[in-house]
Amino acid sequence: MEHDVKDLSLADKGELRIEWARQNMPVLMAIKQRFEKEKPLQGVRIAACLHVTTETANLMLVLQAGGADARLCASNPLSTQDDVAAALVKKYNMPTFAIKGEDNDTYYKHIISCLSHAPHMTMDDGADLVSVLHSKRTDLLKDVFGGTEETTTGIIRLRSMAAEGVLKYPIVAVNDANTKHMFDNRYGTGQSTIDGIIRATNVLLAGQYVVVAGYGWCGKGVAQRAKGLGAHVIVTEVDPLKAIEAVMDGFEVKTMDDAAKIGNVFVTVTGNKNVLAKHHFASMKSGAIVCNSGHFNVEIDIPALEAMSGKRRMIRDFVEEFNTNDGRKIYLLADGRLVNLSAAEGHPAMVMDMSFANQALSAEYMKQNHKTLKKQVYVVPENIDKEIARLKLETMGVHIDKLTAEQEKYLASWQEGT
Ligand SMILES: NC(=O)c1ccc[n+]([C@@H]2O[C@H](COP(=O)([O-])OP(=O)(O)OC[C@H]3O[C@@H](n4cnc5c(N)ncnc54)[C@H](O)[C@@H]3O)[C@@H](O)[C@H]2O)c1
């Protein structure tokens, strides 16, 4: 079986960690049981480009249980858990192409390897695999009937491909499901970003000024968790509505020009580029820590930081010290890549349970419906979204009320209301 992973002897450890995550993914496991019986993905070749984590491993096993011929590569050079990649190959017979810390050439070589079984479906996180398929491997497009996309940034890229008429098959935007972004982005990225910062630096957040750039779903989560640990949180935004929301949630809102002078820890989660730029580094205090949890490592202008620094060294794992020419120290975490997946383990399984339930059910939906779909980006059907919320509550032992017949009638009627 084809594969390229760091070290197969890590497989035992990976298998145990995959099992540990599985215990917190009851919704996904319920789907797996049904897939084992019904085989809804029988014979479907799936190329998945996802963060190679314990939770992703469980998703891959659900696809396999559903009859898919699936393979996996990394969606980020730093997010791979090497023991998980080894276990997928050795214990579960899953062709996997991912090594933590791989260089850019290897990253793209792995995407090509993942595509080399001529997939019918793609499952992407950030749209790098889709982009390779539409540029370097267009010969494979004839077999592809659909795909799914996990994250905000990927969906933005795909929507612009669809708008330009270059997207060659329909894709379901998993991130747009309520049971994905309202929980995964907010609580998952929120907690794991703080986890990544703490694991990398062991910094005490209480009493520190933490600057969060972007108050979208992820930024809200990071800001709230940092506040919970006692930090003074400053939010920067470009959208007036999000900025008001941040103000009313009790955060200080400033421009980055102003925040740069105050912050001790900076986190970018905007999906945009150069949010921390040269003039911001120029006014930062010595000792400032900068990191990113947005999808690509373009949110921090690292070349600018390099250009204004002399000596640089790795002072701890995932912590690079830049000595600026004017005598300050600025610390960059995890190469400016997703800090939660590089320096910690990414989102907890309990929240990925819902995200990956959306992936599995969207793959099934795509298999069943692709013939009637256009070459567009589609939202996850509402019935899937609601069903995942219902199942999640059930597995949490939480019960909610039902509308009475009288209430249903009241809500449906425009004549009521007096
Ligand atoms: N780290 C992870 O595990 C993880 C998980 C989910 C999503 N993501 C990624 O995180 C990023 C944000 O995702 P989201 O779901 O929060 O998106 P979102 O669209 O909900 O929020 C992004 C926010 O950033 C703001 N913004 C844009 N440019 C800005 C700038 N220059 N300065 C300040 N604010 C700016 C926007 O106005 C918006 O409110 C995306 O790249 C997404 O793919 C990462």
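Before moving on, here are some points about what is shown:
- Considering region 301-315, and only residues there that are touching a residue at least 24 places away in the same chain (Cβ under 8 Å) and within 29 Å of the chain's Cα centre (by Cα), the residue that is farthest from GLY346 (Cα to Cα) turns out to be ALA304.
- Criterion applied to TYR215, TYR169 was being closer than 29 Å to ALA357 by Cα, more than 10 Å from the ligand (Cβ to nearest atom), hydroxyl-bearing (Ser, Thr, Tyr) and over 15 Å from the mean Cα position of the chain (by Cα), and the one residue passing it is TYR169.
- Of note, LEU28 does not satisfy the criterion of being surrounded by fewer than 24 Cβ atoms within 10 Å (Cβ to Cβ), assigned to a helix (DSSP H, G or I), at pLDDT 95 or above and touching a Phe, Trp or Tyr at 6+ places or on another chain (Cβ under 7 Å).
- Residue that is open to solvent by less than 10 Å² (accessible area, probe 1.4 Å), touching a Phe, Trp or Tyr at 6+ places or on another chain (Cβ under 7 Å) and either more than 25 Å from LEU140 (Cβ to Cβ) or touching a residue at least 12 places away in the same chain (Cβ under 8 Å) (or both), where the choices are GLY66, GLY14: GLY66
- Subset of region 227-247 that is part of a helix (DSSP H, G or I), over 15 Å from THR270 (Cα atoms) and of a type outside the set (A, V, I, L, M) - its residue that is most open to solvent (accessible area, probe 1.4 Å): LYS227
- LYS6 at pLDDT 95 or above and out of contact with any Asp or Glu (no Cβ under 8 Å at 6 or more places or on another chain): no
- In region 95-141, residue nearest to the ligand (Cβ to nearest atom) [restricted to those that are part of a loop (DSSP other than H, G, I, E, B) and acidic (Asp, Glu)]: ASP125
- Helices (runs of 4 or more DSSP H) wholly inside region 316-410 containing at least 3 residues that are under 16 Å from HIS181 (Cα atoms) and touching a residue at least 12 places away in the same chain (Cβ under 8 Å): 349-369, 382-396
- Residue within region 300-312 that is open to solvent by 60 Å² or more (accessible area, probe 1.4 Å), away from the ligand (no atom under 15 Å from the Cβ), of a type in the set (Gly, Ala, Ser) and within 30 Å of ASN178 (Cα to Cα) present: no
- The residue of region 322-335 that is nearest to the ligand (Cβ to nearest atom), among those that are open to solvent by less than 50 Å² (accessible area, probe 1.4 Å) and under 20 Å from LEU205 (Cβ atoms), is ALA334.
- Every residue from region 64-89 that is of a type in the set (A, V, I, L, M, F, W, C) and part of a loop (DSSP other than H, G, I, E, B): ALA68, LEU78
- Neighbours by Cβ (under 6 Å, 6+ apart or cross-chain): first from region 216-229, closer than 18 Å to GLY346 by Cα; second assigned to a helix (DSSP H, G or I) and of a type in the set (A, V, I, L, M): ARG225/ILE194
- Residue in region 286-300 that is more than 26 Å from the chain's Cα centre (by Cα) and more than 27 Å from ALA74 (Cα to Cα) present: yes
- Scanning region 130-156 for residues that are charged (D, E, K, R) and surrounded by fewer than 23 Cβ atoms within 10 Å (Cβ to Cβ) returns LYS136, ARG137, ASP139, LYS142, ASP143.
- Test: residue in region 70-92 that is within 12 Å of ALA360 (Cβ to Cβ) and not β-branched (Val, Ile, Thr): yes
- Criterion: open to solvent by less than 10 Å² (accessible area, probe 1.4 Å), within 11 Å of the ligand (Cβ to nearest atom) and in a loop (DSSP other than H, G, I, E, B) - qualifying residue of GLY294, GLY271: GLY294
The values are calculated or read from the model by the stated rules, or taken from the named source; none is laboratory data. Bear in mind the structure is a predicted one, so any value in this text is a computation, not a measurement. Methodologically, a virtual Cβ is constructed for each residue, glycine included, from the backbone with ideal geometry; neighbour enumeration extends over all protein chains shown. Only protein heavy atoms, including side chains, enter the accessible area calculation; ligands, DNA and RNA are left aside. Shrake-Rupley method; radii C 1.70, N 1.55, O 1.52, S 1.80 Å.
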